[in-house]
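To start, the structure itself, in C-alpha cells.
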Amino acid sequence: MQCSIDGVLLRSSDPLPRAHKALSFLQTERIPFILLTNGGGKHESDRVEELSQKLDIELDTSMFVQSHTPFADMRELHDKTVLVVGGDHDKCQLVAQKYGFKAVVTPGDIVNAYPDIWPFTKIFAEYYQRFAKPLPAPIEADHPDKSLKIDAIFVYSDPRDWGLDTTIIADLLLSREGIMGTLSSKNGDKTLPNNGYQQDGQPKLYFSNPDLWWAAKYHLPRLGQGGFREAFEGVWAAITGGQNAGVKLQKKVIGKPYHETYEFAEKRLRAHRNDLYTGESIEPLRKVYMVGDNPESDIAGGNNYKSTFGSKWSSILLRTGVYSGGEPAHKPTVIVDDVYDAVQWAIEDAKKN
C-alpha cells in the first residue's frame, strides 16, 4: 500500500482522525506500506522523525518518499553548481547537500550578495541575511569566465518569494551556458529550435511537485508548487512569445502523478516488503493500493501507472483533503471517508483477487 500524507494522514501539521489507527493496524498485521508525498522542504530523516511523533507510530526513511527524494540519485550533478529554489530559509539547500550536492546556491544567497538583482529586495532583506551563504564565485558580466555558473536548477519545495525566484530562474534560462549576468545571443533566433531559447547550454530546470492545490489548515485548498510553475510559464511565455511563437519552456517535472515517481516509490515499497519478511518465503507482490486525497495527482498517478514489475494497481480517493465531492476529474477505484476505511476496503478487495 502507498499512502499520501497531506490530506490523508495530516491536515497541514495536525493528524487526521484515525490516521494513527490505520497505520498501527498495517504494522500490527505486517502489511507493507510506504508514504508517498508531493511535499518536501526537509530531509527525509527530519520529516520521518516529525511524522513518527505526530502520528505516534514508528516509521523510518525506507518507508518514505518525498517529491524531491529522486533528486538524490542524480549523482552526475553532485560535483556541479546547482540552484535550489523553495522552502523555508536554507532548509532545501541543506537537504541537497545531504543528498551529495557539493556546491548548492539559493536565490537568497544571490540576492544577499547582489541586492540590485531584484529591485524589491528590501522587503525580504532581513530574512535572507539570516541564512544566506557566500557564493562560490562572483557575478561578473564583464568577465564571464570568472562569473558564477549554474549547471542545474531544482525547485525542491513551494517557493516563498515568487518574484525573486522567477527573476533568477528567467535570468539563467536566458543566459549563455548558465553564466549569471550574461544573455545568450541565440535567444529569439528563429532559425534555431525553440526560436533559440534554451539552446545555448543553459541549465536544465527541474520541478519536484506538480500539484496546483494542497490541503492546508484553511478550509479551501491552497496553491502549491504547481501554482508557481504555472505562473513562471506565464512569465516565460510573455518573455519569449510562448507557444504562439513556437516557444516552449523546456523542463522536467517529477512527483505524483508522473511515472518516474511511481516507479521509484514501487521500488521502495518492494524493498521495504523484502526487509519486513526477511528470511520468509513470500509470494510476489500482486496488488498495490494508492491512497490519496487529490484526484489530479494521487488518483491520476495510481490509475495511469503501469508497473514494470507486474503488480496491479488500484486507487482509493479520500474525502479528507483536496477532494470535496462530486465527480472527480480522475475516477478512482473507490471513494471512502478516511484512511482507515481505505485500509479496510483494500484488505477486503485483496481477498477477492
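Quick note: the coordinates plus some simple rules give every number you see, no bench work behind them. It should be emphasised that the depicted structure is a prediction, and the values quoted were computed from it without experimental measurement. Cβ: placed from backbone, ideal geometry, glycine included. Neighbour counts: every protein chain shown.
The table below lists the values:
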item	result
Cleavage-rule hits, trypsin sites (Lys or Arg not before Pro), the range 210-309, DSSP coil, Cβ neighbours within 10 Å at most 12	Lys217, Arg286, Lys306
Cut-off under 5 Å, modelled amide H: who pairs with Trp213 long-range	Gly224
GNM result for the chain, Cα springs below 10 Å: residue of Asp56, Asp211, Asp145 fluctuating most strongly	Asp145
For the range 157-208 and the range 211-269, distance of Cα centres in Å	17
Sequence-separation-based contact order of the range 74-253, relative, with Cα cut under 8 Å and 6+ spacing, percent	18
Cut-off under 5 Å, modelled amide H: who pairs with Phe64 long-range	Leu35
Longest segment of the chain lacking GluC sites (Glu not before Pro) that sit in a DSSP loop with at most 16 other Cβ atoms within 10 Å	178-279
Which listed pairs, of Lys98/Lys146; Lys267/Lys312; Lys306/Lys331, have C-alpha distances above 21 Å, in listed order	Lys98/Lys146
Derived scalar couplings ³J(HN,Hα) [the range 53-70; Karplus, 6.51 cos²θ - 1.76 cosθ + 1.60; whole Hz; x for Gly, Pro]	6, 5, 8, 6, 9, 7, 10, 9, 5, 5, 10, 9, 10, 9, 4, 9, 3, x
Top positive-direction residue, dipole computed over the range 74-253 with Cβ charges, set Gly224, Phe124, Gly178	Gly224
Relative contact order of the range 204-353, defined on C-alpha pairs under 8 angstrom at six or more residues apart (%)	19
Charge-dipole axis of the range 74-253 as Lys and Arg at +1 and Asp and Glu at -1 on Cβ define it, positive-most pick from Ile110, Gly100, Leu249	Gly100
Glu177-Lys54 FRET efficiency (beta carbon distance; Förster radius 51 Å; 0.05 resolution)	0.70
Interchain or long-range residues, amide H under 5 Å from Gly87's placed H	Ser157, Asp158, Arg160
Vicinal HN-Hα couplings computed from phi for the range 196-211 (Karplus, 6.51 cos²θ - 1.76 cosθ + 1.60; Hz; Gly/Pro x)	x, 7, 6, 10, 10, x, 5, x, 6, 10, 10, 10, 9, 8, x, 5
Cα centroid of the range 67-109 to Cα centroid of the range 271-333, whole Å	29
Relative contact order, percent, the chain [alpha-carbon distance under 8 Å, six or more residues apart]	18
Student exercise, the chain dipole from Lys, Arg, Asp, Glu Cβ charges, in Debye to nearest 20	540
